[in-house]
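Read the structure below first, then the notes.
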Amino acid sequence: MENWVTEFAGWLVAVDLAVIVALLIFTHLKPWVIFSASTVFLYLSNILSLDDAIKGYTNPSLLVLMLLFLVAVPLEKTTLMRRMSSAVINGSTRKSILRLSLFSGFFSAFINNTAVVSAMLGPLKRQRSAPVSKLLLPLSYASILGGTLTLIGTSTNLIVNGFVEQAGYDSLGFFDFTMVGLPVFAGCLLVLVLMAPKVLPEQDLEEEKSSQDYFLERRLAAGSPLIGRSVQDNGLRQLERIFLVEVIRDHHIMAPVNPQEVLCEGDVLVFTGDLSAIELLDGFQGLMPLQEFDLAVRENLVEVIVSPSAGLVGRTIKEVDFRSRFDAAVVAVRRGDQRLQGGLGNLALQAGDALVLAVGDDFNRRRDISADFILVGGVESNRILSGIREWSVFLGFTIAVVLGATGVLPLIKGLLIYLGMLLISGIMTADEVKFRFPFQLLVVIGGALGVSQAMFQTGLADHIGSWAGYGLSDLSPLGALIGVYLLTWLFTELVTNNAAAAIMFPLAMAISGQWGDNYMPFVMAVAFGASASFVSPYGYQTNLMVYTAGNYRMSDYFKLGMPVFVVYSVIAVTMIHVLFG
């Protein structure tokens, strides 16, 4: 009877895992909702006790990851990376890519790579020494590669370490990833330097300017002197740096716009062009934004990227109701190299869309901000740290990491002390801790740890190992290792890196048991496979951040990303096999 109950519980966990994968791939539900529902299901079905369900949320590696996210907040407000990113761009494009990749890779080994790319994005877009389109994708790839060098370089490594600890093994060392990561970084760096200048689009200054065109609109209000006059008579055809592309009247789109078209009350005029020219539209009486906001708010603009896990994806701007939800109004939208049409309000948002928002004072305190958007610039620029405060932030972080890496002081204790000093000194506020706390990531990883534990407790992991042993009986351990690596990579491109690691770790551990107790090759295969996101903009946040800013096409990711992926994979699997096999 007891065996039957255990086997039935195993099937329930298998169904739970299958539902998680299906929901992540085929729906827009937020991952934290999916994994929290999984935890509740496992608890209510008595597969996990309350203590077991809670244990995942107190995993030491998970707590270290939460602390790293918090202490990165003041690092984002420093100017060092901004200044240095401008300094490394000089000379030939290849030399600039080399220096930029080395610089961003080094910082990404210790600081959240999203923060590194965010800090460097603005200066790179403003420089004129090299085409920005040749730099931004190498910046993203180098930051991903740099994250694989250390235990804390990427959230994926910490998540995998959390699974290792939960399985009852010793924690991975700070530099256990380095001997694999360094050759991978060197090989991929060579690909970036040799191929990026050739395969990425080249834009001269004029083309680069046009690539920054935004999609914005205005409505013709009652009483406007523009009503009853043609587009040409109103001077809307001769605007500098901004162009009238559509007129929408009673849901009918007129494009291209006839210069002799007479404007009517309620017409929506859709423009494309340089956002810095938006003040030109303010000179036309009665040409009003669709979402009302006062001038003081309009002057506080912030650019954000829509996150792939955002609840906004697939919904129109009108449906989202930005004003009440975010204390913000959408001023303009940009989507890679695509020309948008049909009006701003009816535009269905996609992951990677760049939005320019006019934000109110409460914008930065809304909890959904970090979940729905990747902040590119604005809002916090008036709180930049400089001088001794800036250097103290870097010094304190460096001391905490060095003490943790050398084993003098556990990393979690060092980060707690450092966070306390930031709060006491006023460099960081309690409100920032509250509103930047990565609650959703905590729920996702804690829930994933619960699923993993349930797989081992019910014997499902053993069954998977037996099935895998039968299916992989004709393969060598190296063949199985390659299979685990490629499957992890595929999940990364489909459901993002963290979810891929959560799904694949228990499967990899079950498969590793077919060849004895040496689990490390398969652990490393999951870690490096989950960071191998190079062939699309959607698998990794930094790829999305540069998608629109660099005016890239999907094909650009494939042309540069596929050679990087191949070199990354060959070196990573070879080094894992040599060092741990």
Residues of segment 418-436 satisfying the condition of being free of Cβ contacts under 8 Å to residues at least 12 places away in the same chain and not hydrophobic (A, V, I, L, M, F, W, C) | 420, 426, 429, 434
Filter result (β-branched (Val, Ile, Thr) and either in contact (Cβ under 8 Å) with a residue 24 or more places away in the chain or over 23 Å from residue 154 (Cα atoms) (or both)) within segment 35-65 = 39, 40, 47, 54, 64
If you go through segment 237-255 one residue at a time, do you hit one that is part of a strand (DSSP E or B), more than 19 Å from residue 332 (Cβ to Cβ) and among the polar types (S, T, N, Q)?
-> no
A careful count of residues in segment 263-284 that are over 34 Å from the mean Cα position of the chain (by Cα) and exposed (fewer than 14 other Cβ atoms within 10 Å of the Cβ) gives 4
Could you check how many residues of segment 310-338 are at pLDDT 75 or above, of a type in the set (A, V, I, L, M) and within 27 Å of residue 439 (Cβ to Cβ)?
-> 7
Residues being touching a strand residue (DSSP E or B) at 6+ places or on another chain (Cβ under 9 Å) and modelled with pLDDT of 70 or more - total across segment 275-309 | 15
Go through the residues of segment 536-551 one by one and say whether even a single one is more than 17 Å from the chain's Cα centre (by Cα) and part of a helix (DSSP H, G or I).
-> no
Only one of these is among the β-branched types (Val, Ile, Thr) and modelled with pLDDT of 90 or more: 495, 546, 564. Name it.
-> 564
Has segment 437-457 got any residue that is part of a loop (DSSP other than H, G, I, E, B), modelled with pLDDT of 80 or more and either of a type outside the set (Lys, Arg) or under 26 Å from residue 48 (Cα atoms) (or both)?
-> yes
What residue, among those in segment 504-533 that are in contact with a Ser or Thr (Cβ under 9 Å, 6 or more places away or on another chain) and in a loop (DSSP other than H, G, I, E, B), is surrounded by the most Cβ atoms within 10 Å (Cβ to Cβ)?
-> 531
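Yes or no: residue 70 outside any loop (DSSP other than H, G, I, E, B), more than 20 Å from residue 305 (Cβ to Cβ), hydrophobic (A, V, I, L, M, F, W, C) and in contact with an Asp or Glu (Cβ under 9 Å, 6 or more places away or on another chain)?
Details: outside any loop (DSSP other than H, G, I, E, B): yes; more than 20 Å from residue 305 (Cβ to Cβ): yes; hydrophobic (A, V, I, L, M, F, W, C): yes; in contact with an Asp or Glu (Cβ under 9 Å, 6 or more places away or on another chain): yes.
Yes: the conditions hold for residue 70.
For residue 432, state whether it is crowded, with 18+ Cβ neighbours inside 10 Å and at pLDDT below 85.
Numbers: crowded, with 18+ Cβ neighbours inside 10 Å: yes; at pLDDT below 85: yes.
Here the answer is yes, as residue 432 does meet what is asked.
Could you please find all residues in segment 552-571 being basic (Lys, Arg) and in a loop (DSSP other than H, G, I, E, B)? Please lay out each step first, then the result.
Just the residues of segment 552-571 that are basic (Lys, Arg), to begin with: 553, 559.
Once the filter is applied, which keeps residues that are basic (Lys, Arg) and in a loop (DSSP other than H, G, I, E, B), segment 552-571 yields only 553.
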Among the residues of segment 174-184, is any surrounded by fewer than 17 Cβ atoms within 10 Å (Cβ to Cβ), among the aromatic types (Phe, Trp, Tyr), under 25 Å from residue 568 (Cβ atoms) and out of contact with any Pro (no Cβ under 6 Å at 6 or more places or on another chain)?
-> yes
State whether the residues of segment 259-268 include one that is part of a loop (DSSP other than H, G, I, E, B), in contact with a strand residue (DSSP E or B) (Cβ under 9 Å, 6 or more places away or on another chain), charged (D, E, K, R) and farther than 25 Å from residue 358 by Cβ.
-> yes
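Just checking, does segment 7-19 include any residue being within 18 Å of residue 441 (Cβ to Cβ) and touching a residue at least 60 places away in the same chain (Cβ under 8 Å)? Even if it seems obvious, please write down each step before you answer.
To start, the set of residues in segment 7-19 that are within 18 Å of residue 441 (Cβ to Cβ) comprises none.
Checking segment 7-19: not a single residue is within 18 Å of residue 441 (Cβ to Cβ) and touching a residue at least 60 places away in the same chain (Cβ under 8 Å).
Quick one: in segment 339-364, of everything that is acidic (Asp, Glu) and surrounded by fewer than 18 Cβ atoms within 10 Å (Cβ to Cβ), which residue is modelled with the highest pLDDT?
To start, the set of residues in segment 339-364 that are acidic (Asp, Glu) comprises 353, 361-362.
Filter once more, keeping what is surrounded by fewer than 18 Cβ atoms within 10 Å (Cβ to Cβ): 361-362.
On the way: 361: 69, 362: 72.
The selected residue is 362.
If you scan segment 312-360, which residues turn out to be free of Cβ contacts under 8 Å to residues at least 12 places away in the same chain and not in a helix (DSSP H, G or I)?
Selection gives 321, 338.
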Filtering segment 384-424 down to residues that are among the β-branched types (Val, Ile, Thr) and under 26 Å from the mean Cα position of the chain (by Cα), which residue is surrounded by the most Cβ atoms within 10 Å (Cβ to Cβ)?
-> 393
Could you list, in sequence order, the residues of segment 415-457 that are β-branched (Val, Ile, Thr) and within 30 Å of residue 10 (Cα to Cα)?
-> 443, 444, 445, 451
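Filtering segment 10-62 down to residues that are among the hydroxyl-bearing types (Ser, Thr, Tyr) and in a helix (DSSP H, G or I), which residue is surrounded by the most Cβ atoms within 10 Å (Cβ to Cβ)?
Start the filter on segment 10-62 by keeping residues that are among the hydroxyl-bearing types (Ser, Thr, Tyr), which leaves 27, 36, 38-39, 43, 45, 49, 57-58, 61.
Imposing the further condition that a residue be in a helix (DSSP H, G or I) reduces the set to 36, 38-39, 43, 57-58, 61.
Working: 36: 17, 38: 21, 39: 23, 43: 17, 57: 17, 58: 10, 61: 26.
Checking each candidate, the answer is 61.
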Would you point out the residue of segment 209-234, among those that are at pLDDT below 85, among the hydroxyl-bearing types (Ser, Thr, Tyr) and not in a loop (DSSP other than H, G, I, E, B), that is surrounded by the most Cβ atoms within 10 Å (Cβ to Cβ)?
-> 214
Could you please give the count of residues in segment 316-334 that are out of contact with any strand residue (DSSP E or B) (no Cβ under 7 Å at 6 or more places or on another chain) and at positive phi?
-> 1
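The values are calculated or read from the model by the stated rules, or taken from the named source; none is laboratory data. Since the structure is predicted, the reported quantities are computational estimates derived from the model, not experimental observations. Heads up, the Cβs are rebuilt from the backbone with ideal geometry, glycines too, and the neighbour counts pull from every protein chain shown.
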